[in-house]
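What follows is one structure encoded as structure tokens, with my remarks underneath.
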Amino acid sequence: QALGPWAEALLRFAVGAAMVPHGMRMCLGYFKGTGGPVDSVPKVGAFYDKRGYKPGWLWAYGTVLTQFVAAPCVALGLFTRPMALVLFVLLVLSAYDHAKYDGYFWNKIGLEYPAMWAIGVLYFVIHGGGPISLDRLIGPGVIPRFAEVRTTARAKAPARSRALVVRGKRRGQSRTQY
């Protein structure tokens with residue numbers, strides 16, 4: 001268990017860093033001959049228009065921002081949950097698109113590859129950056145957590161009855177859900 005945080009940091013770095021060269025190939029034209037049909041942002045926009053994601057230019061710039069901003073943030077563990085959520089959405093849409101047009105297997109450009117990366121990113125949407133991350137270094141005062149969920153026993157209720165208390169860290173308010 002002592003190596004757990006280091007393995008988590010390695011996985012987070014791999015999941016985030018893998019998207020950057022993909023974006024360099026797809027949007028900037030690097031790594032020629034590696035299979036990508038597009039090599040510039042306008043061509044990415046035209047590709048998205050052709051696949052039915054309209055307006056294509058909006059999806060193209062969203063992809064660029066995801067691959068060059070959100071992915072490095074996930075790799076470093078900076079604003080991990082929101083950046084991983086953006087990356088997760090991109091990968092789920094990519095997996096859907098590849099399933100629709102290309103099938104399952106990764107060697108046929110199918111859904112297998114983006115789906116596996118989406119599952120890896122989902123871990124960080126749920127768990128955050130972990131103990132070895134810039135989020136942890138900066139601290140929760142600068143990067144607020146979405147909400148803290150705890151189960152607590154009600155004071156005068158029987159032992160079986162439990163209440164779910166959701167407390168927002170920003171406002172200090174709480175409400176009870178049964």
Check every one of the helices (runs of 4 or more DSSP H) wholly within region 1-60 and list those with 2 or more residues that are open to solvent by less than 60 Å² (accessible area, probe 1.4 Å) and touching a residue at least 24 places away in the same chain (Cβ under 8 Å).
4-17, 19-28
Verdict on Val41 being under 15 Å from His22 (Cβ atoms), of a type outside the set (Phe, Trp, Tyr) and more than 20 Å from the chain's Cα centre (by Cα)
yes
Here is a check on your reading of the model: is Tyr53 within 30 Å of Gly128 (Cα to Cα) and at pLDDT below 90?
yes
Output the residues belonging to region 95-142 that are open to solvent by less than 50 Å² (accessible area, probe 1.4 Å), touching a residue at least 24 places away in the same chain (Cβ under 8 Å) and not in a loop (DSSP other than H, G, I, E, B).
Asp97, Ala115, Ala118, Gly120, Val121, Phe124, Val125, Asp135
Selection within region 65-89 - open to solvent by 30 Å² or more (accessible area, probe 1.4 Å) and part of a helix (DSSP H, G or I)
Leu65, Phe68, Val69, Pro72, Leu76, Arg81, Pro82, Met83, Leu85, Val86, Phe88, Val89
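The values are calculated or read from the model by the stated rules, or taken from the named source; none is laboratory data. Keep in mind the model is a prediction, meaning the values are calculated, not measured. Every residue, glycine among them, receives a Cβ derived from its backbone with ideal geometry; neighbour counts consider all protein chains shown. When the accessible area is computed, the model is the full protein with side chains, heavy atoms only, and any ligands, DNA or RNA have been set aside. Shrake-Rupley method; radii C 1.70, N 1.55, O 1.52, S 1.80 Å.
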